[in-house]
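The values are calculated or read from the model by the stated rules, or taken from the named source; none is laboratory data. Keep in mind that this is a model prediction, so the values were computed, not measured. Reconstructed Cβ throughout: ideal geometry from the backbone, glycine too, with neighbour counts over all protein chains shown.
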Amino acid sequence: MSKQQTEFPLERVSEIQSRTTDFKLLERIPLTLEGVTWPLKLSDPIGDEKKLVLLDVETTGLNIHEEVITELGMVVVSYSPSAGKIALLMVLLVYTMIRANLFLKKLRN
């Protein structure tokens, strides 16, 4: 695996601006910054927010018969459909299942 690029490629700004359908700019949620408190407010509420639970499943691969789940993560968000923005974020669960899955795999064999 290659080392992740940490600096924005400023020399490519004009190319990115000219090919907007080929590029998307993502903003990292500042979960690791010092002083972050929960729930994390990302934008001011508008009034039409809906609560959603997002589930992230990490696996060792895509074959459901051979691969295993290694991590689960769940967050609750307040999402504004009119603004297309998440206003509030609360982490519910981050669970690493590597040991549990290795044990279950041994039992199956």
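Note on region 31-78: residues that are of a type in the set (D, E, K, R) and without any contact (Cβ under 8 Å) to a residue 24 or more places away in the chain total 5. Only a single item in (1) at pLDDT below 80; (2) in a strand (DSSP E or B) is not met by Leu52, and it is number (1).
For every residue, the table says whether it meets (1) more than 24 Å from Leu89 (Cβ to Cβ); (2) assigned to a loop (DSSP other than H, G, I, E, B); (3) at pLDDT 85 or above; (4) in contact with a helix residue (DSSP H, G or I) (Cβ under 9 Å, 6 or more places away or on another chain).
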{"position": "Met1", "(1), (2), (3), (4)": "yes, yes, no, no"}
{"position": "Gln17", "(1), (2), (3), (4)": "yes, no, yes, no"}
{"position": "Thr20", "(1), (2), (3), (4)": "yes, yes, yes, no"}
{"position": "Glu27", "(1), (2), (3), (4)": "no, yes, no, no"}
{"position": "Asp48", "(1), (2), (3), (4)": "no, yes, yes, no"}
{"position": "Gly61", "(1), (2), (3), (4)": "yes, yes, yes, no"}
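Using the structure shown, decide if Glu67 is out of contact with any Cys (no Cβ under 6 Å at 6 or more places or on another chain), surrounded by 10 or more Cβ atoms within 10 Å (Cβ to Cβ) and of a type in the set (Asp, Glu). Considered against the rule, which asks whether it is out of contact with any Cys (no Cβ under 6 Å at 6 or more places or on another chain), surrounded by 10 or more Cβ atoms within 10 Å (Cβ to Cβ) and of a type in the set (Asp, Glu), Glu67 comes out as yes.
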